[in-house]
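Worksheet: one structure, shown below.
Every number here is computed from the coordinates shown, using simple stated rules; none is lab data. These figures come from a predicted structure and were not determined experimentally. Cβ atoms come from the backbone with ideal geometry, glycine included; neighbour counts cover every protein chain shown.
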Amino acid sequence: MTTFTHYLIIFFISMVPLIELRGAIPYAIGFITAGVPLSLPLCYVIAIIGNMVPVPLIFFFARKVLEWGADKPVIGRFFTFCLEKGHKGGEKLQSKAGRGLFVALLLFVGIPLPGTGAWTGTLAASILDMDFKSSVIAIVLGVVLAGIIMGILSMGVFGAIFAL
């Protein structure tokens, strides 16, 4: 596999919901540790860009599409699940943050736990009718924070594996 292919895979992994940057960074670090000549800073930039590409679409259209499809026979159950996830995320953010919604959104996206990435954070921001610009800034900073945390954790895990 070429270096370009690895970078492309990192980009696409970071776009996948639930996996996002949290899966792309360990993928990159795993191959770097195994000796594939990838640039770690470039991997981070590619993963962050890939994770942010869907954000405007989610912010402006996901809520409308999910509300439209919530009562449809085949897709309704899944769309309702997604709406409920966004509502719960939004309520959690609002109850803990009060006026500090920007920081709460940043931390919600930045702490790499299942279901707290850019996709859910953006949907929550949309449901809460947050300002687009401040939402995107908080989400970018959260994605950067998540990338740093995942990088540190991945280096520790892969370093230990290859030390054996």
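Select from 107, 42, 18 the residue whose mean-square fluctuation is largest in a Gaussian network model of the chain (Cα-Cα springs shorter than 10 Å).
It is 42.
Run the numbers for residue 155 and residue 60: contour at 0.36 nm per residue of separation, minus the present Cα-Cα distance, in nm.
Computed gain between residue 155 and residue 60 is 30.6 nm.
Within segment 46-65, which residues have the backbone N less than 20 Å from the label spot 7 Å out from residue 137 along Cα→beta-carbon, could you tell me?
49, 52-53, 55-57, 59-60
For the charge dipole of the chain, defined by +1 on Lys and Arg C-beta atoms and -1 on Asp and Glu C-beta atoms about the Cα centroid, which residue among 127, 56, 111 has the Cα displaced farthest towards the positive pole?
127
Expressed in nm to one decimal, what extension gain is obtained for the pair residue 36 and residue 12 from 0.36 nm per residue of sequence separation less their Cα-Cα distance?
6.8 nm
For segment 6-164: lysine pairs with Cα atoms under 25 Å, gap of 8 or more or different chains, count?
Close lysine pairs under the 25 Å cut-off: 13.
Suppose R0 equals 30 Å; then what is the FRET efficiency for residue 1 and residue 113 from their Cβ-Cβ distance, rounded to the nearest 0.05?
Working from the Cβ atoms, E equals 0.45.
Give me the one-decimal Kirkwood hydrodynamic radius in Å for the chain, with the sum taken over alpha-carbon pairs.
After inverting the pairwise mean of 1/r, the radius is 16.4 Å.
Quick check of the Kirkwood formula: for segment 70-147, what is the inverse mean of 1/r over all pairs of different Cα atoms, in Å?
Taking every pair of different Cα atoms in segment 70-147, averaging 1/r and inverting gives 12.5 Å.
Using the Karplus equation 6.51 cos²θ - 1.76 cosθ + 1.60 (θ = phi - 60°), what ³J(HN,Hα) coupling, rounded to whole Hz, does each residue of segment 139-149 give in order, writing x for Gly and Pro?
5, 4, 5, x, 5, 4, 4, 4, x, 5, 4
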